[in-house]
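Asker: Take this structure first; my questions come after.
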């Protein structure tokens with residue numbers, strides 16, 4: 001077995017274990033609300049706190065070119081340990097909304113040393129077949145993101161605190177695994193000096209910039225969709241008396257099925273072209289955004305579930321493809337910083353999207369608010385249609 005073939009599964013397993021930290025708070029949200037007397041807007045605050053922490057983390061990592069100047073495996077390991085530590089602090093008895101938001105912020109901050117760093121490690125090992133490798137890697141992120149919902153379903157007799165601790169232990173395991181078994185890759189080119197200008201210089205490349213803009217449009221939709229999946233199911237469950245959804249399990253399936261489409265999309269990209277498959281996926285998810293309010297009107301839970309499962313597939317399938325385009329069009333020595341700053345901007349957009357759509361839904365209680373999810377994909381599609389990218 002070639003060493004590179006052995007490395008990818010390790011990165012994937014580590015990424016899966018560590019990114020389970022992301023939605024740990026969402027999976028036990030009702031328990032947090034009851035135990036700490038939180039208000040009904042806790043979802044948007046706790047989700048946005050993770051995103052904001054990730055943004056600050058990626059911004060600082062990019063400005064100080066951390067991943068290009070230091071061993072990515074060591075950065076990944078340290079961030080996994082610290083992320084797990086702050087996640088486990090959610091169980092402390094004297095937490096308030098402010099302390100919970102701070103803990104989720106710090107968890108998000110250290111996730112900045114996990115998700116983009118995992119992609120950087122993959123680019124250090126794989127030049128040929130990079131898109132396929134990132135497909136597996138983002139698929140691991142999707143499963144890791146969905147995992148807390150599954151744990152909530154299969155561990156009903158366990159305290160929510162045990163679920164949080166289990167996720168933290170899993171993240172520590174993932175960090176150790178990568179640190180012990182994945183050394184610096186053969187294609188890694190170490191950055192030799194601190195250069196604050198790299199974070200904006202990379203955008204002077206037109207092809208890089210347009211790939212990044214497509215990614216930004218995708219991000220407007222993605223995390224808001226993931227955050228709202230349990231709410232979509234609850235809305236539909238409340239609308240029709242005959243419907244009784246297992247919300248944690250179905251949330252896991254709807255989010256987790258995206259891992260399959262990430263891998264499938266990477267294989268299709270190898271055959272038909274990365275840009276074309278990214279465009280097609282973004283177009284399909286845009287159509288889902290526009291159609292979503294009307295599926296709430298159909299009193300057939302099977303049709304509704306099939307729609308959400310399809311949406312869960314196409315909403316993420318283009319993510320590894322955009323990351324591939326970004327990595328391929330960034331300077332070799334600056335790939336880590338380029339991936340990190342694009343992640344930073346993309347996740348900044350998710351906060352805006354989550355906050356706007358949450359506020360509008362709370363004000364109107366209308367399912368037509370979800371039409372706004374299409375704004376990002378539409379703008380991303382416009383950027384992707386430019387001649388310089390296709």
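The values are calculated or read from the model by the stated rules, or taken from the named source; none is laboratory data. Note that this is a predicted model, so its numbers are computed, not measured. Neighbour counts run over all protein chains shown; Cβ positions are idealised from the backbone, glycine included.
Asker: Of all residues in region 274-302, count the ones that are farther than 20 Å from residue 222 by Cα and loosely packed, with under 14 Cβ neighbours inside 10 Å.
Answerer: Summing the residues that are farther than 20 Å from residue 222 by Cα and loosely packed, with under 14 Cβ neighbours inside 10 Å in region 274-302 gives 5.
Residue-wise test of (1) surrounded by fewer than 24 Cβ atoms within 10 Å (Cβ to Cβ); (2) over 23 Å from residue 355 (Cα atoms).
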{"residue": "7", "(1), (2)": "yes, yes"}
{"residue": "13", "(1), (2)": "yes, yes"}
{"residue": "24", "(1), (2)": "no, no"}
{"residue": "41", "(1), (2)": "yes, no"}
{"residue": "51", "(1), (2)": "no, no"}
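Asker: Check every one of the helices (runs of 4 or more DSSP H) wholly within region 38-91 and list those with 1 or more residues that are in contact with a helix residue (DSSP H, G or I) (Cβ under 6 Å, 6 or more places away or on another chain) and over 14 Å from residue 340 (Cα atoms).
Answerer: 42-63, 72-88
Asker: Determine, yes or no, whether residue 29 is within 22 Å of residue 169 (Cα to Cα) and surrounded by fewer than 24 Cβ atoms within 10 Å (Cβ to Cβ).
Answerer: yes
Asker: Name the single residue, out of those in region 91-107 being in contact (Cβ under 8 Å) with a residue 60 or more places away in the chain and within 22 Å of the chain's Cα centre (by Cα), that is surrounded by the fewest Cβ atoms within 10 Å (Cβ to Cβ).
Answerer: This residue is 100.
Asker: Quickly run through region 227-263 and pick out the residues that are in contact with a helix residue (DSSP H, G or I) (Cβ under 6 Å, 6 or more places away or on another chain) and within 14 Å of residue 292 (Cβ to Cβ).
Answerer: 229, 233, 236, 254 - these are the residues of region 227-263 that are in contact with a helix residue (DSSP H, G or I) (Cβ under 6 Å, 6 or more places away or on another chain) and within 14 Å of residue 292 (Cβ to Cβ).
Asker: How about region 66-82: which of its residues are at pLDDT below 80 and surrounded by 24 or more Cβ atoms within 10 Å (Cβ to Cβ)?
Answerer: 67, 68
Asker: Can you tell me which residue among 85, 63 is at pLDDT below 80, surrounded by fewer than 22 Cβ atoms within 10 Å (Cβ to Cβ) and more than 30 Å from residue 271 (Cβ to Cβ)?
Answerer: 63
Asker: Please verify whether region 325-335 includes one or more residues that are within 15 Å of the chain's Cα centre (by Cα), surrounded by fewer than 24 Cβ atoms within 10 Å (Cβ to Cβ), touching a residue at least 40 places away in the same chain (Cβ under 8 Å) and assigned to a helix (DSSP H, G or I).
Answerer: no
Asker: Residue under question is residue 180, and the condition is that it be within 19 Å of residue 79 (Cβ to Cβ), at pLDDT 85 or above and in a helix (DSSP H, G or I); does it hold?
Answerer: Criteria met by residue 180.
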